[in-house]
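Inspection log for the structure reproduced underneath, given as structure tokens.
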């Protein structure tokens, strides 16, 4: 299996419970993630381990559809979703930690897929990779948005 790991981090000048309640609500995904166009609950809210949420995203000019299952949920702190449907298997982890000037939010996605001649056309050469695939440890403002009204610091890194 070949894997691509992407991690972003930002400090938001709001208390962790406020950041978490916004960022851990799938209904806010379209305002938080620029590429996500639509969210559909496949199980009944509220969010819990075992919840299923479908997303429609636009990435590199293509529409992607995938459904995540929530596999870990620690209120106000950690949120892990995993999918095996869609264009490739992914696991997304989002954590929130208290810091002196607010909340450090870290999001990471690991994408895994078999390496085969048929899948090679999907690989991105480094100069062509989307900015989020080339960065680590910094906030990708091209794919993430700040919740309306939240004050953020410069990206860590």
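Inspect all residues belonging to the stretch 61-71 and state whether any of them is without any contact (Cβ under 8 Å) to a residue 60 or more places away in the chain and outside any strand (DSSP E or B).
Yes; the residues of the stretch 61-71 include at least one that is without any contact (Cβ under 8 Å) to a residue 60 or more places away in the chain and outside any strand (DSSP E or B).
Going by what's in this entry, would residue 50 be described as surrounded by fewer than 13 Cβ atoms within 10 Å (Cβ to Cβ), on the phi > 0 side of the Ramachandran plot and either modelled with pLDDT of 95 or more or out of contact with any strand residue (DSSP E or B) (no Cβ under 8 Å at 6 or more places or on another chain) (or both)?
When the stated conditions are applied, residue 50 passes them.
Tally time: how many residues in the stretch 26-47 are surrounded by 15 or more Cβ atoms within 10 Å (Cβ to Cβ) and part of a loop (DSSP other than H, G, I, E, B)?
Of the residues in the stretch 26-47, 3 are surrounded by 15 or more Cβ atoms within 10 Å (Cβ to Cβ) and part of a loop (DSSP other than H, G, I, E, B).
Identify, please: which residue in the stretch 1-24 is modelled with pLDDT under 95 and in a loop (DSSP other than H, G, I, E, B) and is, among those, farthest from residue 82 (Cα to Cα)?
1
Would you confirm whether or not the stretch 121-134 contains a residue that is at pLDDT 50 or above and in a loop (DSSP other than H, G, I, E, B)?
no
Across the stretch 87-107, what is the number of residues that are out of contact with any helix residue (DSSP H, G or I) (no Cβ under 7 Å at 6 or more places or on another chain), surrounded by 17 or more Cβ atoms within 10 Å (Cβ to Cβ) and more than 24 Å from residue 4 (Cα to Cα)?
1
The values are calculated or read from the model by the stated rules, or taken from the named source; none is laboratory data. For clarity, every value in this text was computed on a predicted model and none was experimentally measured. Cβ sites come from the backbone with ideal geometry, for glycine too, and all protein chains shown count toward neighbours.
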